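Notes for the one structure printed next.
The values are calculated or read from the model by the stated rules, or taken from the named source; none is laboratory data. Values in this document were obtained by computation on a predicted structure and should not be read as measured data. All Cβ positions, even for glycine, are placed from backbone atoms using ideal geometry, and neighbour counts span all protein chains on display.
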(Lines give C-alpha, C1' and ligand atoms only; values in the text may rest on other atoms or scores of the structure.)
Protein backbone atom coordinates (compact mmCIF):
# COMPACT_ATOMS: atom_id res chain seq x y z
CA UNK A 1 0.00 0.00 0.00
CA UNK A 2 1.36 3.48 -0.89
CA UNK A 3 2.75 5.48 2.02
CA UNK A 4 1.05 8.87 2.44
CA UNK A 5 3.28 11.88 1.85
CA UNK A 6 2.96 15.52 2.80
CA UNK A 7 2.40 16.42 -0.86
CA UNK A 8 -0.46 18.68 -1.92
CA UNK A 9 -2.09 17.69 -5.21
CA UNK A 10 -3.53 20.81 -6.81
CA UNK A 11 -5.88 20.44 -9.78
CA UNK A 12 -6.94 23.17 -12.18
CA UNK A 13 -9.88 21.89 -14.26
CA UNK A 14 -10.21 23.33 -17.77
CA UNK A 15 -12.71 22.94 -20.57
CA UNK A 16 -12.00 24.94 -23.76
CA UNK A 17 -10.31 27.39 -21.43
CA UNK A 18 -6.74 27.77 -22.65
CA UNK A 19 -7.19 31.50 -23.26
CA UNK A 20 -8.07 32.24 -19.65
CA UNK A 21 -5.59 29.70 -18.32
CA UNK A 22 -2.78 31.51 -20.13
CA UNK A 23 -3.09 34.52 -17.82
CA UNK A 24 -3.92 32.85 -14.55
CA UNK A 25 -1.61 29.90 -15.15
CA UNK A 26 1.41 32.16 -15.49
CA UNK A 27 0.49 33.90 -12.24
CA UNK A 28 -0.05 30.57 -10.49
CA UNK A 29 3.19 29.02 -11.76
CA UNK A 30 5.19 31.98 -10.40
CA UNK A 31 3.44 31.82 -7.04
CA UNK A 32 3.95 28.06 -6.75
CA UNK A 33 7.63 28.39 -7.62
CA UNK A 34 8.07 30.92 -4.81
CA UNK A 35 6.09 28.91 -2.26
CA UNK A 36 7.76 26.44 0.15
CA UNK A 37 4.64 24.24 0.09
CA UNK A 38 5.16 20.78 -1.49
CA UNK A 39 2.60 21.20 -4.27
CA UNK A 40 2.16 19.11 -7.39
CA UNK A 41 0.04 20.90 -9.97
CA UNK A 42 -2.11 19.07 -12.50
CA UNK A 43 -3.91 20.90 -15.29
CA UNK A 44 -6.85 18.59 -16.01
CA UNK A 45 -8.68 18.95 -19.33
CA UNK A 46 -12.32 17.87 -19.31
CA UNK A 47 -12.58 16.69 -22.91
CA UNK A 48 -12.04 19.98 -24.71
CA UNK A 49 -12.06 20.04 -28.48
CA UNK A 50 -9.00 18.84 -30.41
CA UNK A 51 -8.07 22.46 -31.11
CA UNK A 52 -7.29 22.91 -27.39
CA UNK A 53 -4.79 20.08 -27.06
CA UNK A 54 -1.77 21.85 -28.57
CA UNK A 55 -2.37 25.20 -26.80
CA UNK A 56 -2.66 23.40 -23.47
CA UNK A 57 0.52 21.45 -24.13
CA UNK A 58 2.36 24.64 -25.03
CA UNK A 59 1.06 26.44 -21.95
CA UNK A 60 2.05 23.58 -19.68
CA UNK A 61 5.55 23.57 -21.17
CA UNK A 62 5.84 27.32 -20.51
CA UNK A 63 4.58 26.97 -16.93
CA UNK A 64 7.07 24.14 -16.36
CA UNK A 65 9.95 26.52 -17.09
CA UNK A 66 8.87 28.45 -13.99
CA UNK A 67 7.40 25.64 -11.89
CA UNK A 68 8.67 22.21 -13.01
CA UNK A 69 6.25 20.15 -10.90
CA UNK A 70 3.32 20.62 -13.28
CA UNK A 71 1.68 18.13 -15.61
CA UNK A 72 -1.21 17.95 -18.05
CA UNK A 73 -3.96 15.33 -17.93
CA UNK A 74 -6.56 14.73 -20.66
CA UNK A 75 -9.88 13.06 -19.86
CA UNK A 76 -11.37 10.65 -22.40
CA UNK A 77 -14.39 12.89 -22.91
CA UNK A 78 -16.36 15.85 -21.60
CA UNK A 79 -18.23 14.76 -18.46
CA UNK A 80 -18.17 17.85 -16.25
CA UNK A 81 -16.14 19.66 -13.63
CA UNK A 82 -16.90 17.20 -10.86
CA UNK A 83 -15.81 14.28 -13.01
CA UNK A 84 -12.49 15.77 -14.06
CA UNK A 85 -11.56 16.96 -10.56
CA UNK A 86 -12.23 13.51 -9.08
CA UNK A 87 -10.36 11.85 -11.96
CA UNK A 88 -7.32 14.06 -11.46
CA UNK A 89 -7.35 13.62 -7.69
CA UNK A 90 -7.31 9.86 -8.25
CA UNK A 91 -4.08 10.05 -10.27
CA UNK A 92 -2.03 9.62 -7.12
CA UNK A 93 -2.99 7.88 -3.86
CA UNK A 94 -0.20 9.38 -1.78
CA UNK A 95 -0.85 13.13 -1.27
CA UNK A 96 -1.89 14.32 2.18
CA UNK A 97 -3.94 17.16 0.72
CA UNK A 98 -6.17 17.53 -2.34
CA UNK A 99 -6.99 20.94 -3.75
CA UNK A 100 -8.52 22.58 -6.78
CA UNK A 101 -8.72 26.08 -8.13
CA UNK A 102 -10.68 27.35 -11.12
CA UNK A 103 -8.74 28.41 -14.21
CA UNK A 104 -10.40 31.81 -14.57
CA UNK A 105 -8.39 33.44 -11.78
CA UNK A 106 -11.41 34.69 -9.85
CA UNK A 107 -9.48 33.47 -6.82
CA UNK A 108 -5.91 34.67 -7.22
CA UNK A 109 -2.82 32.53 -6.79
CA UNK A 110 -1.94 34.47 -3.65
CA UNK A 111 -5.34 33.77 -2.12
CA UNK A 112 -5.14 30.11 -3.05
CA UNK A 113 -1.77 29.71 -1.35
CA UNK A 114 -3.05 31.51 1.75
CA UNK A 115 -5.95 29.07 1.86
CA UNK A 116 -3.62 26.12 1.39
CA UNK A 117 -1.23 27.30 4.09
CA UNK A 118 -4.15 27.66 6.49
CA UNK A 119 -5.24 24.07 5.83
CA UNK A 120 -1.74 22.65 6.28
CA UNK A 121 -1.03 24.70 9.41
CA UNK A 122 -4.30 23.82 11.13
CA UNK A 123 -4.57 20.27 9.78
CA UNK A 124 -8.15 21.01 8.72
CA UNK A 125 -9.78 21.19 5.29
CA UNK A 126 -10.24 24.79 4.17
CA UNK A 127 -12.82 26.24 1.79
CA UNK A 128 -12.56 29.63 0.16
CA UNK A 129 -15.73 31.70 0.50
CA UNK A 130 -16.62 34.86 -1.38
CA UNK A 131 -17.00 37.54 1.27
CA UNK A 132 -16.17 41.19 1.79
CA UNK A 133 -14.12 41.73 4.92
CA UNK A 134 -11.53 44.22 6.09
CA UNK A 135 -8.92 42.30 4.08
CA UNK A 136 -10.89 40.65 1.25
CA UNK A 137 -13.07 41.98 -1.56
CA UNK A 138 -15.89 40.74 -3.73
CA UNK A 139 -16.57 41.88 -7.29
CA UNK A 140 -19.52 40.23 -9.04
CA UNK A 141 -22.24 41.48 -11.35
CA UNK A 142 -25.81 41.75 -10.03
CA UNK A 143 -27.01 38.78 -12.08
CA UNK A 144 -24.13 36.56 -10.87
CA UNK A 145 -24.78 37.68 -7.32
CA UNK A 146 -28.48 36.84 -7.59
CA UNK A 147 -27.74 33.33 -8.91
CA UNK A 148 -25.13 32.82 -6.20
CA UNK A 149 -27.51 33.75 -3.37
CA UNK A 150 -30.36 31.78 -4.91
CA UNK A 151 -28.30 28.61 -5.15
CA UNK A 152 -27.00 29.07 -1.63
CA UNK A 153 -30.58 29.28 -0.33
CA UNK A 154 -31.58 26.19 -2.34
CA UNK A 155 -28.65 24.20 -0.96
CA UNK A 156 -29.65 25.18 2.57
CA UNK A 157 -33.31 24.28 2.07
CA UNK A 158 -32.92 21.10 0.01
CA UNK A 159 -29.78 19.61 1.51
CA UNK A 160 -29.48 21.35 4.85
CA UNK A 161 -25.98 22.32 3.75
CA UNK A 162 -24.56 24.86 6.16
CA UNK A 163 -21.77 26.47 4.19
CA UNK A 164 -21.42 30.16 3.43
CA UNK A 165 -20.33 29.49 -0.16
CA UNK A 166 -20.27 25.88 -1.36
CA UNK A 167 -19.52 26.85 -4.99
CA UNK A 168 -16.40 28.98 -4.57
CA UNK A 169 -13.72 27.59 -6.89
CA UNK A 170 -10.94 27.13 -4.34
CA UNK A 171 -10.89 24.24 -1.89
CA UNK A 172 -8.20 22.35 0.02
CA UNK A 173 -9.25 19.02 1.51
CA UNK A 174 -7.59 16.62 3.89
CA UNK A 175 -7.02 13.69 1.55
CA UNK A 176 -7.84 10.98 4.08
CA UNK A 177 -11.25 12.53 4.68
CA UNK A 178 -11.95 12.73 0.96
CA UNK A 179 -10.84 9.17 0.24
CA UNK A 180 -13.28 7.79 2.81
CA UNK A 181 -16.24 9.21 0.89
CA UNK A 182 -14.96 9.38 -2.70
CA UNK A 183 -16.62 6.15 -3.77
CA UNK A 184 -20.07 7.54 -3.01
CA UNK A 185 -19.79 10.71 -5.10
CA UNK A 186 -21.86 10.73 -8.29
CA UNK A 187 -22.35 14.31 -9.47
CA UNK A 188 -20.20 15.13 -12.49
CA UNK A 189 -21.41 18.67 -13.07
CA UNK A 190 -21.33 21.94 -11.17
CA UNK A 191 -23.21 20.53 -8.16
CA UNK A 192 -20.13 18.42 -7.43
CA UNK A 193 -19.08 20.81 -4.63
CA UNK A 194 -22.42 20.53 -2.83
CA UNK A 195 -22.44 16.74 -2.96
CA UNK A 196 -18.83 16.68 -1.79
CA UNK A 197 -19.51 18.87 1.22
CA UNK A 198 -22.75 17.13 2.20
CA UNK A 199 -21.03 13.75 2.08
CA UNK A 200 -18.04 14.99 4.06
CA UNK A 201 -20.34 16.42 6.72
CA UNK A 202 -22.27 13.15 7.00
CA UNK A 203 -18.93 11.41 7.48
CA UNK A 204 -18.11 13.71 10.38
CA UNK A 205 -15.59 15.92 8.61
CA UNK A 206 -15.40 19.58 9.61
CA UNK A 207 -13.79 22.38 7.64
CA UNK A 208 -12.74 25.99 7.90
CA UNK A 209 -14.45 28.63 5.79
CA UNK A 210 -11.88 31.26 4.84
CA UNK A 211 -12.93 34.54 3.21
CA UNK A 212 -11.01 35.17 -0.02
CA UNK A 213 -11.02 37.98 -2.50
CA UNK A 214 -13.14 36.93 -5.47
CA UNK A 215 -13.30 38.89 -8.74
CA UNK A 216 -15.68 37.86 -11.51
CA UNK A 217 -13.88 37.28 -14.80
CA UNK A 218 -15.18 37.53 -18.35
CA UNK A 219 -15.53 34.50 -20.59
CA UNK A 220 -17.29 32.16 -18.18
CA UNK A 221 -19.11 29.19 -19.69
CA UNK A 222 -21.85 28.88 -17.09
CA UNK A 223 -25.29 29.64 -18.52
CA UNK A 224 -27.32 30.86 -15.51
CA UNK A 225 -30.65 29.74 -16.94
CA UNK A 226 -29.64 26.35 -18.32
CA UNK A 227 -27.04 25.42 -15.73
CA UNK A 228 -29.10 26.88 -12.88
CA UNK A 229 -31.92 24.39 -13.50
CA UNK A 230 -29.43 21.54 -13.88
CA UNK A 231 -27.84 22.38 -10.55
CA UNK A 232 -31.23 22.63 -8.85
CA UNK A 233 -32.19 19.19 -10.18
CA UNK A 234 -28.84 17.87 -8.95
CA UNK A 235 -29.61 19.04 -5.41
CA UNK A 236 -32.75 16.88 -5.37
CA UNK A 237 -30.75 13.91 -6.70
CA UNK A 238 -28.18 14.37 -3.95
CA UNK A 239 -30.90 14.54 -1.30
CA UNK A 240 -32.53 11.41 -2.64
CA UNK A 241 -29.27 9.45 -2.57
CA UNK A 242 -28.35 10.65 0.92
CA UNK A 243 -31.76 10.14 2.51
CA UNK A 244 -31.98 7.19 4.92
CA UNK A 245 -33.70 4.11 3.46
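What to note about this one:
- Residue among 177, 83 that alone is part of a helix (DSSP H, G or I) and surrounded by fewer than 21 Cβ atoms within 10 Å (Cβ to Cβ): 177
- Scan the range 30-40 for residues that are in contact with a helix residue (DSSP H, G or I) (Cβ under 6 Å, 6 or more places away or on another chain) and in a strand (DSSP E or B) and the total you get is 1.
- Qualifying residue in the range 48-65 (condition: within 22 Å of residue 193 (Cβ to Cβ), surrounded by 15 or more Cβ atoms within 10 Å (Cβ to Cβ), touching a helix residue (DSSP H, G or I) at 6+ places or on another chain (Cβ under 8 Å) and modelled with pLDDT of 95 or more): yes
- Per the conditions (1) modelled with pLDDT under 95; (2) not in a loop (DSSP other than H, G, I, E, B), the sole criterion not satisfied by residue 162 is (2).
- Test: residue 112 is modelled with pLDDT under 95 and either part of a loop (DSSP other than H, G, I, E, B) or over 26 Å from residue 237 (Cβ atoms) (or both): no
- Qualifying residue in the range 119-133 (condition: assigned to a loop (DSSP other than H, G, I, E, B), out of contact with any strand residue (DSSP E or B) (no Cβ under 6 Å at 6 or more places or on another chain) and surrounded by fewer than 16 Cβ atoms within 10 Å (Cβ to Cβ)): yes
- Among the residues of the range 136-159, those identified as over 20 Å from residue 213 (Cα atoms), touching a helix residue (DSSP H, G or I) at 6+ places or on another chain (Cβ under 8 Å) and surrounded by fewer than 19 Cβ atoms within 10 Å (Cβ to Cβ) are 150, 154, 158.
- Contact annotation: no residue pair with Cβ atoms under 8 Å, 6 or more positions apart or on different chains, pairs a residue in the range 181-199 that is touching a residue at least 12 places away in the same chain (Cβ under 8 Å) and on the phi > 0 side of the Ramachandran plot with a partner that is in a helix (DSSP H, G or I) and buried (at least 24 other Cβ atoms within 10 Å of the Cβ).
- When the range 16-39 is filtered for residues that are surrounded by fewer than 19 Cβ atoms within 10 Å (Cβ to Cβ) and closer than 21 Å to residue 82 by Cβ, only 16 remains.
- Every residue from the range 43-79 that is in a loop (DSSP other than H, G, I, E, B) and over 10 Å from residue 18 (Cβ atoms): 46, 47, 49, 67, 68, 69, 75, 76, 77, 78, 79
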